[in-house]
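The next block holds one structure in the form of structure tokens; read it before the comments.
The values are calculated or read from the model by the stated rules, or taken from the named source; none is laboratory data. These figures come from a predicted structure and were not determined experimentally. Cβ coordinates were reconstructed from backbone atoms using ideal geometry, including for glycine residues, and neighbour counts include every protein chain displayed. The area values use the complete protein model at the heavy-atom level, side chains included, leaving out ligands, DNA and RNA. Shrake-Rupley method; radii C 1.70, N 1.55, O 1.52, S 1.80 Å.
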Amino acid sequence: MTTLDLSLFVLTLLAAVGSALVGGVFFGFSMFVMTALVRRPPVESIAAMQSINVVVLRSGFMPAFLGTAVVCAVGAIFALWRWDEPGAIYRLVGGALYLIGCFGVTIVFNVPRNDALASLLPGSSEAATYWPRYASEWTAWNHFRTAAAVAAAIAFCLALRY
């Protein structure tokens with residue numbers, strides 16, 4: 001095995017683990033965090049979600065989330081560069097699933113909703129009106145990025161077979 005082959009294996013392994021880790025965090029959010037928040041009064045839910053959205057930016061999740069995006073991008077480039085090799089299609093598909101379905105959806109759909117929520121006072125009538133729509137839409141997009149991250153992890157695992 002050449003150094004390049006070993007590097008590609010490690011890169012693919014990191015992409016698989018990172019995608020699975022991020023997918024697991026999103027899965028937990030969809031399955032129990034958001035479910036618990038919507039059961040509480042809007043003022044409590046909004047304040048909690050605003051706090052979560054601040055804490056996540058300074059947590060260990062961000063290096064995992066962003067680092068996985070970088071690893072997936074590099075993996076996709078490797079897949080195109082070494083297209084004739086077995087497993088290349090799985091690396092490309094895995095990279096696209098994560099970069100578009102997870103990272104891209106976060107930027108385009110979840111972050112703008114978080115920004116809108118951050119601009120509201122938790123006890124205001126405007127916030128109470130916005131909360132049900134926020135929770136529903138944010139969670140739907142979170143389900144999507146959960147599925148994309150898990151599918152990416154599966155694709156990278158398939159690439160590791162070669």
_Residue among ALA135, ALA159, ALA127 that alone is out of contact with any strand residue (DSSP E or B) (no Cβ under 7 Å at 6 or more places or on another chain), in a helix (DSSP H, G or I) and either within 23 Å of VAL74 (Cβ to Cβ) or open to solvent by 40 Å² or more (accessible area, probe 1.4 Å) (or both)_ = ALA159
*Hey, among PHE65, PHE29, PHE78, PHE103, which residue is more than 30 Å from TYR162 (Cα to Cα) and buried (at least 19 other Cβ atoms within 10 Å of the Cβ)?*
PHE29
*Determine which member of the set SER51, SER7, SER30 is assigned to a helix (DSSP H, G or I), in contact (Cβ under 8 Å) with a residue 60 or more places away in the chain and hydroxyl-bearing (Ser, Thr, Tyr).*
SER30
*Which ones in segment 55-78 are among the hydrophobic types (A, V, I, L, M, F, W, C) and in contact (Cβ under 8 Å) with a residue 60 or more places away in the chain?*
VAL71, CYS72, VAL74, PHE78
*Output the residues belonging to segment 107-122 that are loosely packed, with under 12 Cβ neighbours inside 10 Å and not in a helix (DSSP H, G or I).*
SER119
